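First up is the structure itself, then whatever we jot down about it.
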Amino acid sequence: MNLTHFSNLSYLVASILFIVGLKQLGTPKTAVRGNILGAIGMLIAVLVTLLDQNILSYEWIAIGILIGSVFGVILAIKIQMTAMPQLVAVLNGFGGIASVLVAGSALQLSIPKYQYAVNYQEIISIVFSALVGGVTFSGSFIAFGKLQGFITEKAVRYSGDQIVKIIVGLICIGLGIFNVINPSEESIYWILSAVSLVLGILLVVPIGGADMPVVISLLNSYSGIAASATGFVLNNNVLIIAGSLVGASGIILTQIMCKAMNRSLTNVLFGGFGAFAEETKHDGDFYSGKVKSTSAEEVAMLLDIARTVVIVPGYGMAVAQAQHAVRDLYQLLTNKGIDVTFAIHPVAGRMPGHMNVLLAEADIPYDRLKEMDEVNGMFENVDVVIVNGANDVTNPLAKTDPKSPIAGMPILDVGLAKTVVVIKRSLSPGFAGVPNPLYIADNCLMLFGDGKKATQEMISALKES
């Protein structure tokens, strides 16, 4: 068996591991195993690629592996679960810029050959890598800045912004066509890459913080598409397959997220969700005199006589790092014979699956996690719902106010339960910037405070009751 046959067979094994691993990532119970299989597949692909005789310097590769490994270990140890969406955005960006640099290097090496015959598959793939990779890099870092608070989470809109994006997009297409016709003009490639970076910024800046889960999954898809295009540049089968898997799964996830928000992808990208926050602010008397505040002791009394309880986790719970306290509350209630379920909204948190990962980290049983479609039919028969740091995903305005920024977004119908307890620091609005009428409903009690501390106080009060 020669090296080419061995490489292709190894790439086939790696691709199978990618596919099986991706399938197992679909459920929390097998997600860890799927992640390991994917990592093994990538290790095989990297090791086999290093057997290529055209590699010029193993020393630089070793240095890169060492630096990357050190940063990876530090991030794995230090990163907080609340910052995981930001990390994903950054990793998407690095994937995009890697595609731009690799394709640019391939172009530089191919220019002498293009003087005799142009390989159109190669040059078109190179140009496509520059366009998609550039947009992915700058767009991902803008998303990171919005999530981290370095850039305003509001949708930044200005007069004629859509026209500007169209013009810059057409410039990118024009430069790409010119580069395909004149592949020896290396400078055009780097100009195209720079303009693509600008386009990425223009595309993401007008999108509000409420849409960041959708944007992250879409940019993840872009990074896969860019990697797949780079695979065509390098004639590397495993890179084509891996990039295609990431691109396809990212698009599917994006569609799922849009469905969960009852919005089209076009509306997400060009509608500026969150841009209406200033227009929808209500006077200070919206909640005045209508909110019923409660205490941990009163909530404990309600829980003592409850038979069914649903806990709704939100980003506020993640910020407070309250998942382990919530797990303790779950165990205490279960020991009392109370049926406890967790209601998971698809866009709770700042990244798809954010709440599932947090709760799994706290060893909460997978079968207790119920998706929105399944749990909404249960609320009418629930004694107590505890909303821990969730806001927009429980806001009735999505159903009652067609002019609201969240109009039409499917929500968790917690208001149908006998009693709703909302744990929240204040009455401040969520990402959409609108008030939540749930907080002044007759069956709603507000337990003001940090998600972790309030949960621990409830546990203490339950133990004393």
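In order along region 197-203, phi translates into HN-Hα couplings of 4, 4, 4, x, 5, 5, 6 Hz, rounded to whole numbers, per the Karplus curve 6.51 cos²θ - 1.76 cosθ + 1.60 with θ = phi - 60° and x for Gly and Pro.
The order of K418, K259 by accessible area, most exposed first and with a 1.4 Å probe, is K259, K418. If you take the square roots of the eigenvalues of the alpha-carbon gyration tensor of region 48-204 and sort them as a ≥ b ≥ c, do you get rounded (a/c under 1.5), prolate (a/b over b/c) or oblate? Since a/c reaches 1.5 but b/c is at least a/b, the shape of region 48-204 is classed as oblate.
Residues in region 448-458 carry Karplus couplings, in order, of 6, x, 5, x, 6, 5, 5, 5, 5, 5, 5 Hz; the curve used is 6.51 cos²θ - 1.76 cosθ + 1.60 with θ = phi - 60°, and Gly or Pro positions show x. Rounded to the nearest 10 degrees, the inclination of helix 237-260 to the longest alpha-carbon principal axis of the chain is 30 degrees. Using a probe of 1.4 Å on the protein chains alone, the accessible area found for M378 is around 60 Å². Report, to the nearest 10°, how far helix 161-181 tilts away from the longest principal axis of the Cα atoms in the chain, using its own Cα long axis and a range of 0 to 90°. Computed tilt is about 30 degrees. For the chain, the longest principal axis of the Cα atoms and the long axis of helix 120-148 meet at an angle of about 30 degrees. For V385, the amide hydrogen comes within under 5 Å of the amide hydrogens of V310, T419, V420, V421, counting only partners 5 or more places away or on other chains and with H modelled in the peptide plane. Across region 309-318, computed HN-Hα scalar couplings (Karplus, 6.51 cos²θ - 1.76 cosθ + 1.60, θ = phi - 60°) run 9, 10, 9, 10, x, x, 4, x, 5, 5 Hz from first to last residue, x flagging Gly and Pro.
By the gyration tensor of its Cα atoms, with a ≥ b ≥ c the square roots of the eigenvalues, what is the shape of region 1-78: rounded for a/c under 1.5, prolate for a/b over b/c, or oblate? Walk me through the numbers on the way to the answer.
Details: a/c = 4.89, a/b = 1.18, b/c = 4.14.
Because a/c hits 1.5 or more and a/b fails to exceed b/c, region 1-78 counts as oblate.
Maximal additional length on extending the K370-K403 stretch stands at 8.9 nm, based on 0.36 nm per residue less the C-alpha distance.
Taking the average, over residues, of other Cβ atoms within 10 Å as the packing measure, peptides 316-328, 298-310 rank 316-328, 298-310 from highest down. Rounded to the nearest 20, the size of the Cβ-charge dipole of the chain about its Cα centre is 180 debye, with Lys and Arg at +1 and Asp and Glu at -1. Annotation: Cα Rg of the chain relative to the compact-globule expectation 2.2 N^0.38 Å equals 1.11.
Ignoring ligands, DNA and RNA, what percent of the accessible area of the chain is carbon or sulfur (1.4 Å)? Intermediate results must be reported in sequence, preceding the final value.
Numbers: 14240 of 22140 Å².
Carbon-and-sulfur percentage of accessible area, whole number: 64.
When all protein chains stay in place and ligands, DNA and RNA are ignored, the 1.4 Å accessible-area order of L66, L462, largest first, is L66, L462.
The values are calculated or read from the model by the stated rules, or taken from the named source; none is laboratory data. Model, not experiment: these values are computed from the prediction. Using ideal geometry, Cβ is built from the backbone for each residue, glycine included, and neighbour counts are taken over all protein chains shown. Keep in mind that these areas ignore ligands, DNA and RNA; they rest on the heavy atoms of the full protein, side chains included. Shrake-Rupley method; radii C 1.70, N 1.55, O 1.52, S 1.80 Å.
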